[in-house]
1. Springs between alpha-carbon pairs under 10 angstrom, Gaussian network model over the chain: which of G143, G109, G45 fluctuates most?
2. According to a simple spin-label model (label point 7 Å from Cα along Cα-to-Cβ), what is the distance in nm between Q203 and E96?
3. Quick one: which of K11/K64; K72/K151; K159/K197; K93/K191; K159/K191 span more than 27 angstrom between C-alpha atoms?
4. Working from Cα positions, state the angle (0 to 90°, nearest 10) between the long axis of helix 108-124 and the longest principal axis of the chain.
5. Sum -39500 (n - 2.57) across every DSSP H segment of at least 4 residues in the chain, then divide by the residue count to get the 222 nm mean residue ellipticity, nearest 500.
6. Could you size up the charge dipole of region 71-147 around its Cα centre, putting +1 on the beta carbon of Lys and Arg and -1 on that of Asp and Glu, and report it in debye to the nearest 20?
7. Charges on Cβ only, +1 for Lys and Arg, -1 for Asp and Glu, centred on the Cα centroid of region 2-233; of M94, T187, V120, which one is farthest towards the dipole's positive end?
8. Please compute, for the alpha-carbon atoms of region 112-188, the extent along each of the three principal axes and give them in descending order in Å.
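Bear in mind that the values in this text are calculations on the coordinates, not laboratory data. Please read all numbers here as calculations on a predicted model, not as lab measurements. Neighbour counts are summed over all protein chains in view; Cβ atoms, including those assigned to glycine, are modelled from backbone coordinates with ideal geometry.
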Amino acid sequence: MITGAARGIGKNAARMFLANGAKVAVCDVNEAQLAEAGRDLDPSGALPLLTVAANVADRASMDKAVKTVTEKWGRVDVLINNAGITRDSLLAKMSEADFDSVIGVNLKGVFNCTQAVLPVMSSQRKGAIINTSSIVGVYGNVGQTNYAAAKSGVIGMTKTWAKELGRKGITVNAVAPGFTMTDMLATVPEKILDAIKEKTPLQRLGTQDDIGNAYMFLASDAAAFVTGQVLGVDGGLVI
Ligand code: CAA
Ligand code: NAI
């Protein structure tokens, strides 16, 4: 199950998981874009792909989404808490509404989705939860008080859940992408992106595949003894 998968990193990850034989449920709040993603990911309608309209910020909506998936496939092996939004502004100008909406989706959304799949994973005594944090949750960023708070919070929840859920056979890890080429970067001025590339040891921005590969690793049995970690996928920007 991948949240926020109607476009960007989540949609690309869905493509990668499908190509590797997984059954994939993509969830997103943007129903039109989700339907388009469904057609794009599976033009023939033959792949094990489920599109589920759901809002991670709404607990009831996520309970319903998990029910849809378990009714279809009976289990949830992997949850990727990938949905996220930005509402950037400097601290002096940030509105309470923008603070609350980013916390609601990027922090509480991760709580909602994880709590919704927990009974299923607990009864399986196996599961992998992958939370999408950000380089910004690790080292902060100008204009992102709300986003940094949420993404740091995601790291705190990741470590807490790794400790709580390990005995149930569930691993919990976070991926902290660096600046990655998706529509989310559209609001970032070009000169800031140039400066980021310059400061990055590997001298480029991230690709959607870079992040998808990290998701694939953490979802796989190759990562069976990895839990509570924050995997930076940022070209070495945070060293
Ligand atoms: N790093 C360093 N300096 C930055 C900066 C950044 N990321 N963003 C803004 N600044 C600096 C500006 O250069 C400017 O400096 P000067 O006063 O010296 O010129 C100062 O902050 C104020 O910036 P603005 O004049 O642009 O002020 P504004 O109020 O019009 O806008 C802003 C402020 C909304 C923060 C805007 O600058 C902006 O959108 N910055 C980009 C923020 C950003 O990096 N967002 C990441 C989005 S992608 C994402 O979130 C994914 C992820 O996980 C990485
Ligand atoms: P994106 O903006 O391209 O895609 C995000 C998706 O999440 C969209 O399809 C959107 O409709 C969906 N979404 C938003 N609110 C939702 C909600 N309430 N419920 C369900 N779905 C919702 O973003 P991108 O770049 O693909 O980001 C994916 C994740 O990676 C996010 O968590 C983001 O914060 C994180 N990230 C992105 C980086 C980047 O540079 N692009 C860097 C670090 C982290």
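1. G45
2. So the two model labels end up 5.0 nm from each other.
3. Over 27 Å Cα-Cα: K72/K151; K159/K197; K159/K191.
4. Once rounded, one gets 30 degrees.
5. Calculated from helices alone, the mean residue ellipticity at 222 nm is -14500 deg cm²/dmol.
6. With Lys and Arg at +1 and Asp and Glu at -1, about 340 debye.
7. Of the candidates, V120 comes out farthest on the positive side.
8. 43, 22, 18
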